[in-house]
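A.B. asks: Pasting a structure below so you can have a look.
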Amino acid sequence: MMKNLIFCIVFASLSLFAFAAGQTASASGQGSGHESLPMGYGNIKLGMSVDEVKSELLKNHAFGYRGDRDVSFSPKDNQVLIETDGRYAPFSYFGRCWFQFADGKLYIITINLNEEKIDHYSVFTSLNEKYGAPDQLTPKKSQWKNDSVMMSLERPLSLKYIDAKAFTERMDKANVEKTYGEQNREEFLKGL
């Protein structure tokens with residue numbers, strides 16, 4: 001019960017702080033700084049090819065990348081996924097990480113952070129100081145976004161970088177396919 005009360009107080013304080021920071025920025029005519037959101041982590045950027053990401057992962061041992069055995073391919077939707085595990089890499093703050101590709105380009109980076117080495121509050125505070133108040137703040141997720149990238153900090157302790165344009169295109173395509181499927185279903189039912 002006491003933990004829930006403390007969580008509610010901390011969450012309410014963070015919400016008020018984020019709201020106040022957003023109001024202050026709006027009142028002073030300044031932007032939120034979201035124009036400068038990173039396109040990825042370190043040298044791994046959204047939009048890179050599979051080979052470029054593999055090369056960068058080999059240079060950064062903190063991810064625990066083991067080579068091609070960490071790469072999988074889905075022929076159904078022509079997607080490549082690289083999964084790494086930094087838990088056993090010395091001095092790494094990373095846990096399991098995923099790099100998702102669509103049409104040969106990196107469009108989602110998911111980095112799970114090691115909760116034994118770093119905490120959610122420290123990461124949230126750092127992101128808030130660097131990029132301003134999040135656009136969306138819920139108990140499960142804080143999200144910053146601009147026209148190019150959506151960056152979120154999710155509970156328990158994951159960072160996500162999403163290529164906003166590629167994500168929107170994939171969602172639109174999925175909606176079109178769903179609509180086509182719904183039409184097929186209706187025609188099938190009419191033919192009974």
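The values are calculated or read from the model by the stated rules, or taken from the named source; none is laboratory data. Bear in mind that the values here come from a model prediction, so they are computed numbers and not experimental data. When we count neighbours, we look across all protein chains shown, and the Cβ atoms used for this are built from the backbone with ideal geometry, even at glycine. Calculation scope for accessible area: heavy atoms of the full protein, side chains included, ligands and nucleic acids excluded. Shrake-Rupley method; radii C 1.70, N 1.55, O 1.52, S 1.80 Å.
A.B. asks: What strands (runs of 3 or more DSSP E) lie completely within segment 43-105 and have 2 or more residues being among the polar types (S, T, N, Q)?
C.D. replies: 71-74, 79-85
A.B. asks: Can you tell me how many residues in segment 145-154 are open to solvent by 30 Å² or more (accessible area, probe 1.4 Å) and either in contact with a Pro (Cβ under 6 Å, 6 or more places away or on another chain) or within 12 Å of Ile111 (Cα to Cα) (or both)?
C.D. replies: Summing the residues that are open to solvent by 30 Å² or more (accessible area, probe 1.4 Å) and either in contact with a Pro (Cβ under 6 Å, 6 or more places away or on another chain) or within 12 Å of Ile111 (Cα to Cα) (or both) in segment 145-154 gives 1.
A.B. asks: Go through the residues of segment 45-65 one by one and say whether even a single one is modelled with pLDDT under 90 and more than 20 Å from Glu169 (Cβ to Cβ).
C.D. replies: no
A.B. asks: Would you check if Ser142 is open to solvent by less than 20 Å² (accessible area, probe 1.4 Å), out of contact with any Asp or Glu (no Cβ under 9 Å at 6 or more places or on another chain) and at pLDDT 95 or above?
C.D. replies: Against the criterion (open to solvent by less than 20 Å² (accessible area, probe 1.4 Å), out of contact with any Asp or Glu (no Cβ under 9 Å at 6 or more places or on another chain) and at pLDDT 95 or above), Ser142 does not qualify.
A.B. asks: Quick check on Glu83: is it out of contact with any helix residue (DSSP H, G or I) (no Cβ under 6 Å at 6 or more places or on another chain), farther than 19 Å from Thr168 by Cβ and either acidic (Asp, Glu) or open to solvent by less than 30 Å² (accessible area, probe 1.4 Å) (or both)?
C.D. replies: no
A.B. asks: Quickly run through segment 47-80 and pick out the residues that are crowded, with 18+ Cβ neighbours inside 10 Å, within 13 Å of Ala102 (Cβ to Cβ) and out of contact with any Phe, Trp or Tyr (no Cβ under 6 Å at 6 or more places or on another chain).
C.D. replies: Met48
A.B. asks: Continuing with the same structure: Suppose we filter Ala133, Ala164 for residues that are among the aliphatic types (A, V, I, L, M) and in contact with a Lys or Arg (Cβ under 7 Å, 6 or more places away or on another chain); which single one remains?
C.D. replies: Ala164
A.B. asks: What number goes with the only condition from (1) modelled with pLDDT under 95; (2) farther than 19 Å from Lys117 by Cα that Phe91 does not pass?
C.D. replies: Failing condition for Phe91: (2).
A.B. asks: Among the residues of segment 119-137, count how many are in a loop (DSSP other than H, G, I, E, B) and open to solvent by less than 50 Å² (accessible area, probe 1.4 Å).
C.D. replies: 3
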